[in-house]
Amino acid sequence: MSPMHPPSSESARLSLFESLALLDTPAEVDTPAEALFDNLTCLATRLLDVPIALISFIDAERQWCKAAEGIRLEAQPREASPCAQVVASGAVLVLEDASRDPRFSQLSLVQTVGVRAYVGVPLRFEQQVLGCLCVMDRVPRQWEERQLESLQLLAAQAEQLISLAAQQHIEDRQAGDSRAGGARYDAIIEGAAAGIVRINGRGLILDANPFVQEMLGYRLDEMIGRNVKMLMPARWSEAHDGYLDAYQRTGAARVIGTGREVEALHKDGYTIPVHLAVSEVVVAQGDSASREFIGILSDLRDVHAARQHQERQRALLEVLHTGLTDYRALLSGNTLWAFLKEALRELTGSRYALIGEVVQQSGVPALKLHAITDLSWSDDSRRLMQQLVSGDMMLTNPDSMLGQVFAGGEVVLSNRMAADPRGGGLPSGHPALHRYLGVPIRDGDRVIGMYAIANADDDYDAALVEWLEPFTSTCALLINLYRQMNEQRELNDKLQRANDQAERASQAKTEFLSSMSHELRTPLNSILGFAQLLLNGRQPLTERQQRQTEQIMRSGRHLLDLINEVLDLARIEAGKMQVSIEPVSLGDVIQEAVEAITPLADQQSVRLKWCQPERSRFSVRADYTRVRQVLTNLLSNAIKYNRPDGKVVVQCHCAAEHVRVSVRDTGVGIASDRMKELFQPFNRLGAESGSIEGTGVGLALTRKLVRLMQGEIGVSSEQGVGSEFWFELPLAQPRASRAEPADGSRQPLAVQAVERRVLYIEDNPANQRLMIDLFEDIPGCELDCVMTAEEGIERACSELPDLILMDIDLPGMNGFQAQQLLQRNPLTSAIPVIAISAAASTREIKQAREAGFVDYLTKPLDLMAFTQRVEQVLPTGEEK
């Protein structure tokens, strides 16, 4: 520890210190124990739940220990003491881990005793700091504000004891007689800010100071000579005499020499929580001695109130966390509203509670009850409550105490219901209501629900309404989510019904097509059969008959092809089409299809060219027959819809994991406004009125076949110039995407641990893709993207990101509305939110600042500046 400079008034401090004679022992030892100082250190360890407490003073060279609990500490050099730092600075010294503080890490107190956490409060007398009251722990810890306040109160008590001791020292020095010790004791007893009771060995009260009298409501003459158990509740008073007798016989102590939290009994019959520390005093009486006991009672009512407040806060946070994180499960089990109602009742200590949603009936607000404590007193009232909770009946009276809340938006509070004219008369048999509180649940300026409680043990007040604000905000969020889920459920039901109807229609169509196609084969078989007989018969046909019969054959075969396509389409839609996926040489399939279609190309005066790659031929995973069918359909269309002396080119391009085959023609092209109709079955885009035969089934069948083989198909076209149809199929053996070491070994991939989570709320997929690529270069960050504010709020409550990026123009709830809900919710109020928007006016920027966004960035983003801003807002790994 580096040497500390003494304060400029050090000489005056030491002079005052010496005059007080607080340290009147040789330099080699600490001062003798004094019960009142010792009790303060004992009380400090109990109140702050620490193992060590000291009251020490600092002279010119050393630290002197006046009182200690949990440690025996010899006099220390001044430089080796954190207490000397307190005296030098005159301020409270707080250490969460002394081993990490270079000023104290090498002290024997840290290295040998193992002290980690430390708090020291200066002890002053006549504006001079004489020493400190400190507490220590052997493990690092964070000190709560309440604990620091408690220690400062104890320090104030120690300063009073110093003042009393100083006063008595002066009086003793002036009086110079044997009564000095008694006067000092009397002064301390009378002025102490803690209860002090003195009893004899039989438990009879010998003396009690004013603090005890005021705290417990007794006069001194009502206590002197009576057994001390009069100040104890029955569960302790009955055993007190036996315990006191056993201690004096055996020495077995429970409270004497230590201390614990107990309850004292007030004269009016109620109990008060206190900390009791008991010390034994041996009083000399001539040649004999008697035992007396001194009990110090510290009033813990404020401490207990703080604990109860903390417990209430914890209970409230648990309710909010459960409601927000488990709301889907609670809603699916239809238990959300019962959970909130019971939580509200328990949080407020109320006997009755209800929670409901405001709905509009013919433009008038009405209350739909979701949950209510059973108030029924007869069969009729029970049926009425069932109707209210089921939604078959709603409350509509705006003048009732409920109506003033859900219709008027008022907070209604009454602690004297019987005399309150707003309550009106309750039906005969209705349970009596003594206290009532109704609170509206708002979404902005709209009242969307309410809750009410009744019959708590204590009066309701405005402070309770304020304390319940996080609960009220959570209810607003849950009602909105409940409504959205209901709307989504209704929409899903409608979509499901539409899908079911569409599937039934599609199945009927498929069955019809399949049936008709089979029925057409029977007469077609006869047509083609007899035409073949005529062509191959013994009787030669005339030239005219030959020409007519060949036309019958061509038309019949064309009709058969169409029927086969319809059957294939029906099989695919019915899920009955099977493909055999295996490695297929794509060059062989293209070659075969080109050769098969060449006669048609020659007939139409269209040049057909295949640009075969010079390198090794590609192998794809596909069905050989179906690939040939796809190629034949595309080539056939490219030829049929081409112009005379036109051209059709087939090409292949290999990518990392797939091969693209394209068929490009110089035909009439396709109008851009009709491209979306291209793959619809039986839609020929107006060509049905022309001379080219077809049904419009081919392209629809082709797309289904490609997708059945895990491929993709597409088209680009320019009217009057031509079209290019393409399809992609996966490679049988995809090429390696990166080079590997020559020896075949693989280097392990470095994995960046995700330390910070960022939630991006954006409905544009392209913007999401940009942000995903950008965050891949920000180390230690994981980006989570959602499309809507509602989904983003749900994700933020359940996963608590470190930063939220919020688009403003969102479908449904916009970014400003979402920010309001995030700030109201205690789970998400501390999460920084950056707004991102294409709007760049001063009004939007000001509105964003007022809404609580940490920044407002406009599109298009400067990615470098954006990344720097994100790094500034995000916590580092150490901060987390």
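The values are calculated or read from the model by the stated rules, or taken from the named source; none is laboratory data. Predicted model only: the values in this text are computed from it and were never measured. We place every Cβ from the backbone using ideal geometry, glycine too, and count neighbours over all the protein chains shown. Heavy atoms of the whole protein, side chains included, go into the accessibility calculation; ligands, DNA and RNA do not. Shrake-Rupley method; radii C 1.70, N 1.55, O 1.52, S 1.80 Å.
Of note:
- Which numbered condition Glu844 misses (of (1) charged (D, E, K, R); (2) more than 20 Å from the chain's Cα centre (by Cα); (3) open to solvent by 50 Å² or more (accessible area, probe 1.4 Å)): (3)
- Residue within region 375-384 that is surrounded by 15 or more Cβ atoms within 10 Å (Cβ to Cβ), out of contact with any Leu (no Cβ under 7 Å at 6 or more places or on another chain), in contact (Cβ under 8 Å) with a residue 40 or more places away in the chain and more than 18 Å from Pro431 (Cα to Cα) present: no
- Scope region 402-431; condition free of Cβ contacts under 8 Å to residues at least 12 places away in the same chain and among the hydrophobic types (A, V, I, L, M, F, W, C); matching residues: Ala419, Leu426
- Of all residues in region 67-81, those satisfying the criterion of being out of contact with any Leu (no Cβ under 7 Å at 6 or more places or on another chain) and either of a type in the set (D, E, K, R) or buried (at least 19 other Cβ atoms within 10 Å of the Cβ) (or both) are Glu69, Arg72, Glu74, Ala75, Gln76, Arg78, Glu79, Ser81.
Each row is one residue, and each column tells you yes or no for (1) under 18 Å from Asp374 (Cα atoms); (2) not hydroxyl-bearing (Ser, Thr, Tyr).
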site	(1), (2)
Arg416	no, yes
Pro421	no, yes
Ser428	yes, no
Leu433	yes, yes
Gly438	yes, yes
Gly444	no, yes
Gly449	no, yes
Asp461	no, yes
Ser473	no, no
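- Counted residues, region 359-372 - those being touching a strand residue (DSSP E or B) at 6+ places or on another chain (Cβ under 7 Å) and either closer than 13 Å to Met393 by Cα or part of a loop (DSSP other than H, G, I, E, B) (or both): 6
- Test: residue in region 324-347 that is in a strand (DSSP E or B), open to solvent by less than 40 Å² (accessible area, probe 1.4 Å), at pLDDT 80 or above and not β-branched (Val, Ile, Thr): no
- The set of residues in region 794-804 that are buried (at least 23 other Cβ atoms within 10 Å of the Cβ) and either among the aromatic types (Phe, Trp, Tyr) or at pLDDT 90 or above (or both) contains only Ile804.
- Residue that is closer than 30 Å to Leu822 by Cβ and among the basic types (Lys, Arg), where the choices are Arg383, Arg422, Arg446: Arg446
- Residue that is modelled with the highest pLDDT [pool: residues in region 546-580 that are surrounded by 14 or more Cβ atoms within 10 Å (Cβ to Cβ) and in a loop (DSSP other than H, G, I, E, B)]: Val579
- Options Val405, Val411: the member that is more than 29 Å from the chain's Cα centre (by Cα), modelled with pLDDT of 90 or more and open to solvent by 70 Å² or more (accessible area, probe 1.4 Å): Val411
Yes/no per residue for (1) in contact with a strand residue (DSSP E or B) (Cβ under 8 Å, 6 or more places away or on another chain); (2) at pLDDT 80 or above; (3) on the phi > 0 side of the Ramachandran plot:
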{"site": "Ile196", "(1), (2), (3)": "yes, yes, no"}
{"site": "Leu216", "(1), (2), (3)": "yes, yes, no"}
{"site": "Lys229", "(1), (2), (3)": "no, yes, no"}
{"site": "Gln248", "(1), (2), (3)": "yes, no, no"}
{"site": "Ile256", "(1), (2), (3)": "yes, no, no"}
{"site": "Val283", "(1), (2), (3)": "yes, no, no"}
{"site": "Ala289", "(1), (2), (3)": "yes, no, no"}
{"site": "Leu300", "(1), (2), (3)": "yes, yes, no"}
{"site": "His304", "(1), (2), (3)": "yes, no, no"}
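- Residue within region 431-438 that is among the basic types (Lys, Arg) and modelled with pLDDT of 90 or more present: yes
- Residues located in region 86-104, provided they are closer than 17 Å to Arg141 by Cα, open to solvent by less than 30 Å² (accessible area, probe 1.4 Å) and either of a type in the set (Val, Ile, Thr) or touching an Asp or Glu at 6+ places or on another chain (Cβ under 9 Å) (or both): Leu95
- Answer residue from region 861-875, given it is open to solvent by less than 60 Å² (accessible area, probe 1.4 Å) and either closer than 18 Å to Ala830 by Cβ or of a type in the set (Ser, Thr, Tyr) (or both) and is modelled with the lowest pLDDT among those: Pro875
- When Gly744, Gly815 are checked against the criterion of being open to solvent by less than 80 Å² (accessible area, probe 1.4 Å) and at pLDDT below 90, Gly744 stands alone in meeting it.
- Ile441, sole failed condition from (1) surrounded by 19 or more Cβ atoms within 10 Å (Cβ to Cβ); (2) of a type in the set (A, V, I, L, M, F, W, C); (3) farther than 23 Å from Trp337 by Cα: (3)
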